[in-house]
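Peer 1: Would you mind keeping the following structure in view while I ask a few things?
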Amino acid sequence: ANVGTASVFFALHYPQARILAFEPSPDSFSLLEKNLAGLPGARAFACGLYNCDKQVPLFQGQQDSVTNSIGESALNTGASVQVELRDALSTMFSQQVSQIDILKVDTEGAELPILQSLTPLLPAVQVLYLEYHDEDARLEIDRLITPGHVLYSAKIEAPHRGELCYVRRDRLPADALYSRWRIRA
C-alpha cells in the first residue's frame, strides 16, 4: 500500500467499500496509518503479502520508498530492514474475504507469489491492477489470470517492467472496445 494513495482514493470514492492495505516497510506503514485515519472502511496491516509466512529483508529504494523490494535491483540500495510477509490466501480468509472487487498488487517483484497464493480467489476478482518486474513473471501472471479475465490495458516500459489491468470477462459489456476493434482473418 506504500503510504496509502490508492487506498485513500478508493475510500473517498467508495465509502461503503472495505479496504485492506498491506505495507511491510515501517516508515511507509507509519504514514499509511496516518493517511487512513478517519476512513472507517480502510484498515492498514503492518506486513506484506506473499505465498507463505516468513521474515525477509526489505531493501530500501535509492530515491524513495516506492522502490523498496524484497529482491535486490538497480533501484534499491544494499540497506535493508527485516519485515514480515504473510500468506496472501490465509490472510484473506482470516479477514473473511471471499470476493475481491478490485485487487491492486504493486509489490516490487512479489506479485507472482501473491497471485499464486490467491489462485482460489482470482475468479471472483472483478478488476486487477498490478505491476510486474520480470518478463517470465508477466507471462505466468497472464497464464494465471486470462482464463477468467481479459487484459484490458497495459503500459509496458521495458521487458521487465510494466503495469497491467485485467477485467473479469463477464463484467465487460458486449459492445466493449476490445470486441469492436477485433480484426478477424
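Peer 1: Given the rule -39500 (n - 2.57) for each run of at least 4 DSSP H residues, summed and divided by the residues of the chain, what is its mean residue ellipticity at 222 nm, to the nearest 500 deg cm²/dmol?
Peer 2: -7000 deg cm²/dmol
Peer 1: Can I ask one more? Mind listing which chymotrypsin sites (Phe, Trp or Tyr not before Pro) in region 80-134 are in a DSSP loop and have 10 or fewer other Cβ atoms within 10 Å?
Peer 2: Of the chymotrypsin sites (Phe, Trp or Tyr not before Pro), not one in the loops of region 80-134 has a Cβ with at most 10 other Cβ atoms within 10 Å.
Peer 1: Compute for the chain: radius of gyration divided by Kirkwood radius, i.e. Rg/Rh, restricted to C-alpha atoms, rounded to two decimals.
Peer 2: 0.97
Peer 1: Once you sort the root eigenvalues of the Cα gyration tensor of region 78-185 as a ≥ b ≥ c, which label holds: rounded (a/c under 1.5), prolate (a/b larger than b/c) or oblate (the other case)? Intermediate values should be presented prior to the final figure.
Peer 2: Working: a/c = 2.64, a/b = 1.39, b/c = 1.90.
Oblate shape, in that a/c is at least 1.5 and b/c is the bigger or equal ratio.
Peer 1: How far apart, in nm, are two points set 7 Å out from the Cα along the Cα-to-Cβ line at Arg18 and at Ala46?
Peer 2: It is 2.3 nm.
Peer 1: Is region 1-74 best put as rounded, prolate or oblate by its Cα gyration tensor, with a ≥ b ≥ c the root eigenvalues, rounded for a/c under 1.5, and otherwise prolate when a/b is larger than b/c, oblate when not?
Peer 2: prolate
Peer 1: Give me the percent of DSSP beta bridges within the chain that run antiparallel, rounded to the nearest 5.
Peer 2: Expressed as a percentage, antiparallel bridges in the chain total about 65.
Peer 1: Which sequence of Leu49, Leu31 reflects their accessible areas, 1.4 Å probe, from the largest down? Write down the numbers at each step before the final one.
Peer 2: Values: Leu49 30, Leu31 85 Å².
Result of the area sort, largest leading: Leu31, Leu49.
The values are calculated or read from the model by the stated rules, or taken from the named source; none is laboratory data. Since this is a predicted model, take the numbers as computed values, not measurements. We place every Cβ from the backbone using ideal geometry, glycine too, and count neighbours over all the protein chains shown. Accessible surface areas use protein heavy atoms only, side chains included; no ligands, DNA or RNA. Shrake-Rupley method; radii C 1.70, N 1.55, O 1.52, S 1.80 Å.
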